[in-house]
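Any read-out appearing in this document is the output of simple, stated calculations on the displayed coordinates, not a laboratory observation. This one's a predicted model, so the numbers in the text were calculated from it and none came from an experiment. Here Cβ is always computed from backbone atoms with ideal geometry, including for glycine, and neighbour counts include all displayed protein chains.
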Amino acid sequence: MEKIIVYTDGGSRGNPGPAGAGVAITSDKGDVLSECRAYLGIRTNNEAEYEAVIMALQKLKAILGKEKIKTAEIEVRMDSELVARQLNGIYKIENEKLIPLFVKIWNLRLDFGKISFKHIPREQNKEADRLANEAMDEER
């Protein structure tokens, strides 16, 4: 089974404020398979973190295809402890604005075989952070 590591990050300047999302998709050996970023408009940090995960899952479906995402092992890593714990069912979602984003991820993950969400320290998420910041910078 192929293992793919996905790094996601979302950020907002002002919270809420101009926001961006960044995604770096790598093999388990660290080879970069794809990178993407997007300016999100005005969002909170947590909304941007969720949007980054959505963008990652959509990108994975596009580059791997329907059959491969069913057999690959996907590990989504993020520095947002809140979002990782909400996606793993440890924390409940109290912010109503996050519920539709959670549902979108829940529906997207139905297409995947093995998928996990893991909180990592910010220092281990530099590529996704760089991409999110580039997205915010480009909009200025």
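Assorted remarks:
- Only helical runs count toward this figure. For the chain, summing -39,500 (n - 2.57) over DSSP H runs of n ≥ 4 and dividing by all residues gives -12500 deg cm²/dmol at 222 nm.
- Fraction in percent of alpha-carbon pairs per bin - 10 Å, the stretch 3-139: 14, 47, 34, 6, 0
- Tilt relative to the chain, helix 126-139 - C-alpha long axis, 0 to 90 degrees, to 10: 50
- Under 5 Å, built H, 5+ apart or other chain: amide partners of Phe117: Val76
- Amide hydrogen neighbours beyond the local backbone of Ile4, cut-off 5 Å, H modeled: Glu73, Ile74, Glu75
- Computed from backbone phi with θ = phi - 60° and the Karplus coefficients 6.51, -1.76 and 1.60, the 3J(HN,Hα) list for the stretch 92-107 is 8, 8, 9, 8, 4, 5, 8, 4, x, 5, 4, 4, 4, 5, 4, 5 Hz; x is used for glycine and proline.
- Extension gain for the segment Glu134 to Lys3, taken as residue separation times 0.36 nm less the Cα-Cα distance, is 44.4 nm to one decimal.
- The stretch 22-140 - percent relative contact order, Cα under 8 Å, separation 6 or more: 39
- Farthest toward the positive end of the dipole of the chain, out of Ala38, Ile63, Leu131, is the Cα of Ile63, where the dipole comes from beta carbon charges about the Cα centre.
- Residues in the stretch 6-19 carry Karplus couplings, in order, of 10, 9, 10, 8, x, x, 9, 9, x, 6, x, x, x, 10 Hz; the curve used is 6.51 cos²θ - 1.76 cosθ + 1.60 with θ = phi - 60°, and Gly or Pro positions show x.
- Span from the the stretch 1-40 Cα centroid across to the the stretch 103-140 one, whole angstrom: 4
- Of the GluC sites (Glu not before Pro) in the stretch 91-140, those whose Cβ has at most 11 other Cβ within 10 Å and which sit in DSSP loop: Glu94
- Of the trypsin sites (Lys or Arg not before Pro) found in the stretch 42-87, no site is in coil according to DSSP while having at most 14 other Cβ atoms within 10 Å of its Cβ.
- Around the Cα centre of the chain, unit charges on the Cβ atoms of Lys, Arg, Asp and Glu (plus for the first two, minus for the last two) sum to a dipole of about 400 debye.
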